[in-house]
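Got a structure for you, questions after.
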Amino acid sequence: MTANRGLALFRFWFALLGFVAVLFQFLHLVQNVPGASAGNYFSYFTIESNIIAFMTLGIAGWYAWKGASPRWYPYPFLDPRSS
């Protein structure tokens with residue numbers, strides 16, 4: 001597989017954007033809301049899903065930059081009837 005640098009940069013950009021958004025929102029909460037805790041902040045589903053999204057985009061960007069596929073990639077596409 002060839003490296004797709006444009007796609008990798010696109011994924012890295014949105015991973016960084018998501019990370020910075022979660023970070024700044026957390027810092028704003030801690031500095032401006034009395035009694036705010038990290039446990040309450042990170043228990044929100046939207047924050048958790050944003051963390052999963054930017055982690056996934058970062059990993060996918062890494063594979064696109066390298067021009068490789070993860071080892072598990074062909075498994076979802078195997079035909080179970082062929083065994």
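The values are calculated or read from the model by the stated rules, or taken from the named source; none is laboratory data. Since the model is a prediction, treat every value here as computed from it, not as a measurement. Glycine gets a Cβ as well: all are built from the backbone with ideal geometry, and neighbour counts include every protein chain shown. Surface accessibility is based on the protein's heavy atoms, side chains included, excluding ligands, DNA and RNA. Shrake-Rupley method; radii C 1.70, N 1.55, O 1.52, S 1.80 Å.
For residues that are under 12 Å from the mean Cα position of the chain (by Cα) and among the small types (Gly, Ala, Ser), tally how many sit in region 7-34.
Qualifying residue count for the region: 2.
Output the residues belonging to region 34-83 that are open to solvent by less than 70 Å² (accessible area, probe 1.4 Å), modelled with pLDDT of 90 or more and of a type in the set (A, V, I, L, M, F, W, C).
Answer for region 34-83, where residues must be open to solvent by less than 70 Å² (accessible area, probe 1.4 Å), modelled with pLDDT of 90 or more and of a type in the set (A, V, I, L, M, F, W, C): 47, 51, 53, 54, 57.
Show the residue pairs that are 6+ apart or on different chains and have beta-carbon atoms under 6 Å apart, the first residue being within region 8-31 and at positive phi, the second being assigned to a helix (DSSP H, G or I) and of a type in the set (Gly, Ala, Ser).
Every condition considered, no pair remains.
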